[in-house]
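To keep things clear, I will list the structure first and then write my remarks on it.
Please treat every number below as a calculation from the coordinates, not as lab data. This is a predicted model, so every value here is computed, not measured. Every residue, glycine as well, gets a Cβ built from its backbone with ideal geometry; the counts of neighbours run over all protein chains shown.
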Amino acid sequence: MEIALYLLTGFVLLWKGGDLLVDGADAFARSHGVPPTLAGVFILGFGTSFPELAISVLAALDGEAEIAVGNVVGSNIANVGLVLGIAAAIAVVHVNRFLARVEMPVAILASILAYVLIADGTVDRMDGFILLGGFALYCAFALGTVRHRDIDTGEPPPRRPWFDLGKAVVALATVVGGAELFKTGAVSLAEQFDVSRVVIGSTLVAVATSLPELATGIAAARARKADLVVGNVIGSNIFNLLLVLGAAGAVADQTVDPSVPQVLMPLMVGLAILPLAICWIRGRAIGRRSGVLMILIYAAFIAYSTMVAR
């Protein structure tokens, strides 16, 4: 009962805090004239990745490497297989040229870099600083391309800096509190049922921390805002690998379960490549069949994880 309470309370706080953070980020972007592609990748990507950042850093500090790394890898798998898959199944997702030519390849390179660094079964401080260095380079590049991206011509909301700041502080505190509670419940669940922590981290925790991406992706797909759908997923994956995994590695050296480099990382890299491959074949469009394919891949991953849970 206590474990369920931790999980439920943490889940609600992560969900609502992430939702509040995304809303604030979206309002800030539109009020300051940030292009939709950059808002989807950079602002929503960071906002929806904050639950992963909170849980992974807290888990790393507590010596729970399987939760920290499993959360990042599992979240990236869920972002493509579940979030983008469901969004594409709802409506055909047309991909902006900048996302196809820049952000998607960056996400693939970030996935390969993380795979290479984790191949030895560890995430040490040097690995963390390398990933954070990659994140800094990506941020500089993304900000440098603002003027080349499409600008949202819609009516921007009024600027309310103090209100937006207060909203961001409340959202961040909510997410951090929810992350600590959910992490505690997830670790307790793994101990009680003798389930591998990496499985818990890559499935239960990953899905919980991917809820902001899922909610944003479904809403954007229904509103036919493709830039936000793909940008949110790809941006979140870039942030997860370079910022979240980098921060987790920088705060503490970690040894990961062999299944991470042997199974999870290859699947994550494959799913990072899949959307770009579909765009090349289908002319920068991810259709419903492709969405169903992604969902089936994710369902197979969950089924496999369930079989090897112990």
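Which values, in whole Å and largest first, are the semi-axes of the equivalent ellipsoid of segment 204-310 obtained as the square root of 5 times each eigenvalue of the Cα gyration tensor?
Whole-Å semi-axes of the equivalent ellipsoid: 26, 18, 14.
What is the Cα centroid distance between segment 173-191 and segment 70-139, reported in whole angstrom?
24
Quick check on the exposure proxy: order Ile118, Ile297, Ile281 from fewest to most C-beta atoms within 10 angstrom.
Ile281, Ile297, Ile118
Once the Cβ-Cβ distance between Thr255 and Phe129 is put in as r, and R0 is 25 Å, what FRET efficiency do you end up with, to the nearest 0.05?
According to the calculation, E is roughly 0.90.
Can you list the residues, at least 5 places off or on another chain, whose amide H is less than 5 Å from the amide H of Ile286, using H built in the peptide plane?
Sorted by chain and number, the residues that satisfy this are Val93, His94, Val95.
Please arrange Phe193, Phe301 by counting, for each residue, the other beta carbons lying within 10 Å of its beta carbon, fewest first.
Phe193, Phe301
By counting other Cβ atoms within 10 Å of each Cβ, how are Leu137, Leu53 ranked from fewest to most?
Numbers: Leu137 12, Leu53 23.
Arranged by neighbour count, lowest to highest, Leu137, Leu53 become Leu137, Leu53.
Phe141 to Gln192: extension gain in nm, 0.36 nm per residue of separation minus the Cα-Cα distance?
Residue separation times 0.36 nm, minus the Cα-Cα distance, leaves 13.8 nm.
Using +1 at the Cβ of each Lys and Arg and -1 at the Cβ of each Asp and Glu in segment 195-310, identify which of Tyr304, Gly249, Gly201 lies farthest towards the dipole's positive end.
Tyr304
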